[in-house]
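The values are calculated or read from the model by the stated rules, or taken from the named source; none is laboratory data. These figures come from a predicted structure and were not determined experimentally. Glycine also receives a Cβ, built like all others from the backbone with ideal geometry; neighbour counts cover every protein chain displayed.
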Amino acid sequence: MPTPTPHLWRGPRWALALLLAGLGTLGPFAIDTYLPAFTAIGGSLGATPVQMQQTLSSYLLAFAVTNLFHGAIADSFGRRPVVLAGLAAFALASVGCALADSIGALVFWRAVQGACAGAGMVVSRAIIRDLYAPADAQRVMSQVTIFFGIAPAVAPVLGGVMVGPLGWRSIFWLLAGIAVALALANARLLPETLPAAARQPFHPAHLLRGYAGLARNPRFLALVVASGVPFNGMFLYVLSAPAWLGGLLALEPTQFYWFFIASVSGIMAGAWWSGRLAGRLPPRRQVRWGFVIVGTASLVNVALNAMFAPNAAWAIAPVAVYSFGWSLLTPAVTLLVLDQAPERRGMASSMHSSIGSSANALVAGVLAPLVMHSALALAVASFALMAAGLVAWSWVKRQVTA
């Protein structure tokens, strides 16, 4: 296993976490900021709702597919080149979106955006493990999650504020500016954490053997399921927010922020606590407590929705507690995923992210439309997603070093 190299980063760990959180947040931020502008974009470009949905679908599909390769390329050419190239391409694609004069052009440039957006997120995980031993890596991963949790709360509000006075194109100019700022910051501050001696040959046969090895590794796949699928138990409620909050809980759109504040607070609190426990509590025990929390929250959520009509006074709280539990367990499980392939951490991070993104897309496109109009169906579906992760963890937990 490659030796950690913490001396390469000379600043405080929180500064590294903030830099890497910016890389990881860029992809989700590019989704959340433009969603409030759907109507304005459709009217400006003469696009139907189905065509507008394609601007999101093309982004998500490209994001999921290319995430499979970012880390593998970083294993061969180093971390910095992939990060900087991804940011430059994302900035160019954002300019393309801002200048698009037809819905077809916007769909194309959104796909290019999605293809580049995951580079920073995938590679940043490998960078953390390159630099630090497990306990310190978990602390940094937790700090990244804290900063990462701010984006879902800020992005839609920012997009909604901008689209009225500045027009929908201003959102994409903003994204281009953010990408350029991140590129300049990383060019100046981010060290290369993968030494030349540890790089993998960039050869199709070699890469295919690496992918095949991970795909045949049951421990790796079980850990990916344990960390990625339970996230969708929370994400399902985010995807269903208009129908759940507005329809079932009878909240006004101006009141939706209560749900997002509660969920983001849960994510940030769980990540903070995970960092506090790093090095004090064995990762397996931390993951166990995380699953105890998400499991209990899921059971309570199902029971309440089975017995009572949905009410905002209690319906948001179980989801917020679930968010806390997920955020408590996920930094530890993510590091275990990377350590299944210590010589190919970039590739492991790529497959982890690609599988997770594919699961997110399935939940968004298939599961959420089926259950979003029933509070009990939402609760049961969330419980089932949590249970899938729990079963995977129960099987693999004695087979990993933790």
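So, Ala98, is that one surrounded by fewer than 20 Cβ atoms within 10 Å (Cβ to Cβ), in contact (Cβ under 8 Å) with a residue 40 or more places away in the chain and in a helix (DSSP H, G or I) or not? So Ala98 fits the description; yes. If the condition is being in a helix (DSSP H, G or I) and over 17 Å from the mean Cα position of the chain (by Cα), then segment 62-86 contributes Ala72, Ile73, Ala74, Asp75, Ser76, Phe77, Arg79, Arg80, Pro81, Val82, Leu84, Ala85.
Matching residues to (1) over 20 Å from Gly149 (Cα atoms); (2) under 19 Å from the mean Cα position of the chain (by Cα); (3) not in a helix (DSSP H, G or I):
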position	(1), (2), (3)
Phe235	no, yes, no
Phe259	no, yes, no
Ser263	no, yes, no
Gly266	no, yes, no
Gly270	no, yes, no
Arg280	yes, no, yes
Arg285	yes, no, no
Trp289	yes, no, no
Gly295	yes, no, no
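Take the residues in segment 110-144 that are hydroxyl-bearing (Ser, Thr, Tyr) and surrounded by 24 or more Cβ atoms within 10 Å (Cβ to Cβ), then tell me which one is nearest to Ser357 (Cα to Cα). Looking at residues that are hydroxyl-bearing (Ser, Thr, Tyr) and surrounded by 24 or more Cβ atoms within 10 Å (Cβ to Cβ), I get Ser124. Scanning segment 316-331 for residues that are buried (at least 24 other Cβ atoms within 10 Å of the Cβ), aliphatic (A, V, I, L, M) and either out of contact with any Lys or Arg (no Cβ under 9 Å at 6 or more places or on another chain) or not in a helix (DSSP H, G or I) (or both) returns Val319, Leu328. Looking at this structure, is Ala381 closer than 22 Å to Phe291 by Cβ, buried (at least 19 other Cβ atoms within 10 Å of the Cβ) and of a type outside the set (Phe, Trp, Tyr)? When the stated conditions are applied, Ala381 passes them. Selection of segment 246-261 for residues being free of Cβ contacts under 8 Å to residues at least 60 places away in the same chain and hydrophobic (A, V, I, L, M, F, W, C) yields Phe256, Trp258. Within segment 107-119, residues that are in the same structural domain as Ala21 (by TED's automatic domain parsing) have Cβ atoms under 7 Å from residues that are in a helix (DSSP H, G or I) and of a type in the set (Val, Ile, Thr) in these pairs: Val107/Thr55; Arg110/Thr55; Ala115/Thr66; Gly118/Thr66; Ala119/Val82; Ala119/Val83, counting only partners at least 6 apart in sequence or on another chain.
If the condition is being in contact with a Phe, Trp or Tyr (Cβ under 7 Å, 6 or more places away or on another chain) and among the small types (Gly, Ala, Ser), then segment 232-287 contributes Gly233, Ala241, Gly266, Ala269, Gly270. Of all residues in segment 150-189, those being touching a Cys at 6+ places or on another chain (Cβ under 9 Å) and either aliphatic (A, V, I, L, M) or surrounded by 19 or more Cβ atoms within 10 Å (Cβ to Cβ) (or both) number 5. Of the residues making up segment 195-220, those that are within 25 Å of Ala388 (Cβ to Cβ) and touching a residue at least 60 places away in the same chain (Cβ under 8 Å) are Tyr211, Gly213, Leu214, Ala215, Asn217, Pro218, Arg219, Phe220.
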